[in-house]
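Below: the structure, in structure tokens.
The values are calculated or read from the model by the stated rules, or taken from the named source; none is laboratory data. What you see is a predicted model; the values in this text were computed from it and never measured. Please note: Cβ atoms are built from the backbone with ideal geometry, for glycine as well, and neighbour counts cover all protein chains shown. Note: accessible area is taken over every heavy atom of the protein model, side chains too, but ligands, DNA and RNA are not part of it. Shrake-Rupley method; radii C 1.70, N 1.55, O 1.52, S 1.80 Å.
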Amino acid sequence: MSPARLAPGRTVFLDRDGTINESPPEGEYLTSADDVRLIPGAGEAIRILNEHPAKVVVVTNQRGIALGKMTEADLGAVNERLESELAHSGARLDGIFHCPHHTGTCECRKPGTGMFERAAREIEGVAIEGGAMIGDSAIDIEAGLRLGLTTVRLGASGTGDPVPDHEAPTLLEAVRWLTAQ
């Protein structure tokens, strides 16, 4: 077995939609807790990270709030359901951070780094240095690269996309690569 690419005690930042839970159709938003569906293996993957041990923080763009498609309360209910579903697998998150803004109007929206920096300030033990970013889009990888994180893209990168350190078909496979399991 090869050595782990993520030292114990480090932080893994995760995108939410399309990484942990099923994404809504393109152009739509996950606005109801009733619509939260974990991607197969996501709970196990996060439990593996918890046992590694690693801090696990979700960083998610939620422009649906700025567009009036959902409220902060709707997002809170979705996140509560996500955490409840993960708990069924013995998994837990150390934090969830979101950007409610339109594209290009803030520094927190990925590929900006504001959510990551806020997590490092607000959650004891969360650090950017030596951490990793796992997500299903080019902006997830770009944000991770800006911070010097080990990056894992779920699915294949497109032409012209930032090049991740690794590509994996699922969150579970990404975590196994990071933790050498």
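Below, the figures for the structure above:
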{"item": "Convex hull of Cα atoms in the chain, direction-averaged projection (nm²)", "result": "9.7"}
{"item": "Accessible area (Å², 1.4 Å probe, nearest 10) - residue 70", "result": "10"}
{"item": "Rotationally averaged projected area of segment 106-158 (alpha carbon convex hull; nm²)", "result": "3.7"}
{"item": "Tail beyond 18 Å, pair distance distribution of segment 1-99 (Cα, percent)", "result": "46"}
{"item": "Cα-based equivalent ellipsoid, segment 82-124: semi-axes from gyration tensor eigenvalues, Å", "result": "25, 13, 6"}
{"item": "Neighbour count of at most 12 Cβ within 10 Å plus DSSP loop: longest GluC sites (Glu not before Pro)-free window in the chain", "result": "29-106"}
{"item": "Directionally averaged shadow of segment 74-181, computed from the convex hull of its alpha-carbon atoms, nm²", "result": "7.8"}
{"item": "Residue-count net charge about residue 40 - beta-carbon cut-off 15 Å; Lys, Arg +1, Asp, Glu -1", "result": "-2"}
{"item": "Residue 62 long-range amide H proximity, modeled H, under 5 Å", "result": "99, 101"}
{"item": "Zone of residue 173's modelled label, taken as backbone nitrogen in segment 134-162 under 12 Å from a point 7 Å along Cα→Cβ", "result": "153-157"}
{"item": "Accessible area of the chain belonging to carbon and sulfur atoms, whole % at 1.4 Å probe", "result": "48"}
{"item": "Using distinct alpha-carbon pairs, which all enter the 1/r mean, Kirkwood radius of segment 1-59 in Å", "result": "12.9"}
{"item": "Under Karplus coefficients 6.51, -1.76 and 1.60, residue-wise ³J(HN,Hα) of segment 25-37 in Hz, glycine/proline x", "result": "x, 3, x, 10, 10, 7, 10, 10, 4, 5, 9, 6, 10"}
{"item": "For the chain: accessible area per residue (Å², 1.4 Å)", "result": "46"}
{"item": "Placed amide H near residue 96: partners under 5 Å, 5+ positions off or other chain", "result": "58"}
{"item": "Whether segment 57-112 is rounded, prolate or oblate, judged on the alpha carbon gyration tensor where a/c under 1.5 counts as rounded", "result": "oblate"}
